[in-house]
Structures are given as structure tokens and as C-alpha cells.
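For reference, the structure is listed below as C-alpha cells.
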Amino acid sequence: MAGTRPGGVFRSTDGGATWTELPVGVSLECSIGATRVTAIRYTDVPGEIWVSVEIDGLYHSTDGGGSWRRFEVSGGKSLLGEGEIWKDERHADIHDVVAGRSADGRRSVFVATPIGFFASDDGNQTWRCTRYPVDDTYESSLFYTRSLHANAADPSVLIVGVGRRPPDHGSLGGIHRSEDGGLTWRPVSPVLRSVVWKIAGHPHDSNVLAAVTLFGQVATTTDGGSSWQLSEREFGEIRGVAVVGS
């Protein structure tokens, strides 16, 4: 499968030689121009797929992509700090989505948005939301959540990549880790120089992850995200990363 900008989802059954658009129903336009599919995620339930769209919500299929339902998160006004202005589209501005487990073992869906982290533990009926700890280095402006990863071995263990919201992407970023389905968080990387755009896991070893920042830093971990090491090699703009198993 592939997601596009303007928003659409396409599927190939012949190794990419031909593609068919699925009937997702994503809007093509939004307040900033064209919508964009930010993630396509399969779950451990056969036929279940989640799609996240920047400024058009979440789309969910339980029949392998034949039909879809649209969702938005809720409750985000409670996250806003002093001087922040609420926009209704915040609940539909979705940067990433993964399926996982709550701290008590319920099936959950976890969502990254520009105003923080959201989760539903009851089939998308209600949503909880949070931001992240603040200390001497991780200041309160680091809540713009761009990337999300659930540990394959324990899907209540989550990693998020954060930064400052636009137009200040290129100043600070970082990585937080949760061991209770997103109820609490702690910073696990040094403060980085731009927003953490993508996080990817090893296909066979859930302890091995890589994260990349928008403006070229690469961080890796071999302990499930408890600690991270920065690569000496840096790049230009990065918007994707994959970890390949041997």
C-alpha cells in the first residue's frame, strides 16, 4: 500500500507494477492546501488497517480496505497552554497512528498530533490525551508529536518523536518513552536540533530502533528505546527511515 498527497490510499497486488485506489474517501484539500496520508498501519487482527491523514482524521478498515470509517480524536482543548489558540481542525490533524495495548492489556489505538499524544482504549468511543514531562532541557514547547512506535514484543511500550511546532521545526526535538500505554512519559534522548520525523523498528528484534530528525540527525537504540546514541554522520532533510533485518 502507498499513501499520497493529496490524500489517497493505493494498493498493488503485483509487486508495484499496477496500483488501484482504495475507497477510503480522504478529502483532497484542507486549510494548508492538500491533505497528506502520514501513515498506513496493519494490526495483528486480520483485515484491520489504520490510516492517518494530516488535517483529515483517522480512517479504519476491518475488511482489508474494502470499506472505511472516519474518526477524529477528542478532548484536545485540555492540553492547551497559555497563549495557545484552539482550532477545531486540531482533532483531525493526525501525524501518525499505531495499534497497541493499554497498561491493563486492552487493545488500543495510539495517535500522534501537533498538540500531543492521544489514545483510545474502548474502540474509538472515548479518547485520552497527554503532553510530556518538562525539565531543564525538555521545555514546554516540545509537544508537537510527529512520529510514534509501539514495541512489537510489548505494545504498551511506546516511543514518540517530538519537536517544536511549525514554523520552528529546526530548533529543538527529542524522544520520549512510555511503559504504560502512554499514561506517563520520560525523555530518553538528548535534546536534538529538529523535530523527530520518523521512528522505525527492526523486523525481528524489538529492541533495535532508529529515529531521524527532519534536518538530518540519526539516533539508534538497542535496548528498546531506553537510551539512544547519535550517529556522527548527519544528512540533509530526512522524512523516512527503515531498519532492515539480516
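The values are calculated or read from the model by the stated rules, or taken from the named source; none is laboratory data. Computed from a predicted model, the values in this text were never measured in an experiment. Neighbour counts are summed over all protein chains in view; Cβ atoms, including those assigned to glycine, are modelled from backbone coordinates with ideal geometry. For accessibility, only protein heavy atoms count, side chains too; no ligands or nucleic acids. Shrake-Rupley method; radii C 1.70, N 1.55, O 1.52, S 1.80 Å.
Residues of the range 167-210 with the amide nitrogen closer than 12 Å to a label point 7 Å from the Cα of ASP154, along Cα-to-Cβ, please.
178-181, 207
Under a 5 Å amide H to amide H cut-off, with H placed in plane at 1.01 Å, what residues pair with ASP180 once short-range neighbours are removed?
Residues meeting the amide H criterion: LEU158.
Give the accessible area for TYR42 in Å² (nearest 10); use a 1.4 Å probe, count only protein heavy atoms, and leave out ligands, DNA and RNA.
So the heavy atoms of TYR42 present about 140 Å² to solvent.
Given 10 °C and 1.306 mPa s, how large is the Stokes-Einstein diffusion coefficient of the chain in µm²/s, with Rh as the Kirkwood radius over Cα pairs?
87
Can you give the FRET efficiency to the nearest 0.05 for SER31 and ARG239, using r as the Cβ-Cβ distance and R₀ = 22 Å?
For SER31 and ARG239, the calculated efficiency is 0.55.
Starting from the range 157-246, pick out the chymotrypsin sites (Phe, Trp or Tyr not before Pro) whose DSSP state is loop and whose Cβ has at most 14 other Cβ atoms within 10 Å.
Sites meeting the loop and neighbour criteria: PHE235.
Could you give the size of the charge dipole of the chain about its Cα centre, using +1 on the Cβ of each K and R and -1 on the Cβ of each D and E, expressed in debye and rounded to the nearest 20?
My answer is approximately 200 debye.
Hey, got a sec? Which chymotrypsin sites (Phe, Trp or Tyr not before Pro) in the range 72-132 land in a DSSP loop and have at most 16 other Cβ atoms within 10 Å?
TRP86
Could you pull out every residue, at least 5 positions away or on a different chain, whose amide H is within less than 5 Å of the one on ARG36? Hs are placed 1.01 Å off N in the peptide plane, and Pro or chain starts have none.
Counting only residues 5 or more places away or on other chains, the set is GLY7, GLU54.
Of the chain, which part is the longest with no GluC sites (Glu not before Pro) in a loop (DSSP not H, G, I, E, B) and with at most 13 other C-beta atoms within 10 angstrom?
Longest site-free region, per DSSP loop and neighbour criteria: 140-231.
Residues of the range 175-242: accessible area per residue at 1.4 Å, in Å²?
I get 46 Å² per residue for this part.
Would you grab the residues whose amide H sits under 5 Å from the one on ILE238? Only those 5+ places off in sequence or on another chain, please, with H modelled 1.01 Å from N.
PHE215, GLY216
Relative contact order of the chain, please, whole-number percent, based on alpha carbon pairs below 8 angstrom and at least 6 residues apart.
Across the chain, relative contact order equals 10 percent.
In whole percent, how big is the carbon plus sulfur part of the accessible area of the chain, probe 1.4 Å, protein atoms only?
Heavy-atom surface of the chain belonging to carbon and sulfur, 1.4 Å probe: 49 percent.
Output ³J(HN,Hα) for the range 71-84: one whole-Hz value per residue in order, computed from phi by the Karplus curve 6.51 cos²θ - 1.76 cosθ + 1.60 with θ = phi - 60°, and x for Gly and Pro.
For the range 71-84, the Karplus-derived couplings read 10, 10, 6, 8, x, x, 4, 5, 7, 5, x, 4, x, 7 Hz, x marking Gly and Pro.
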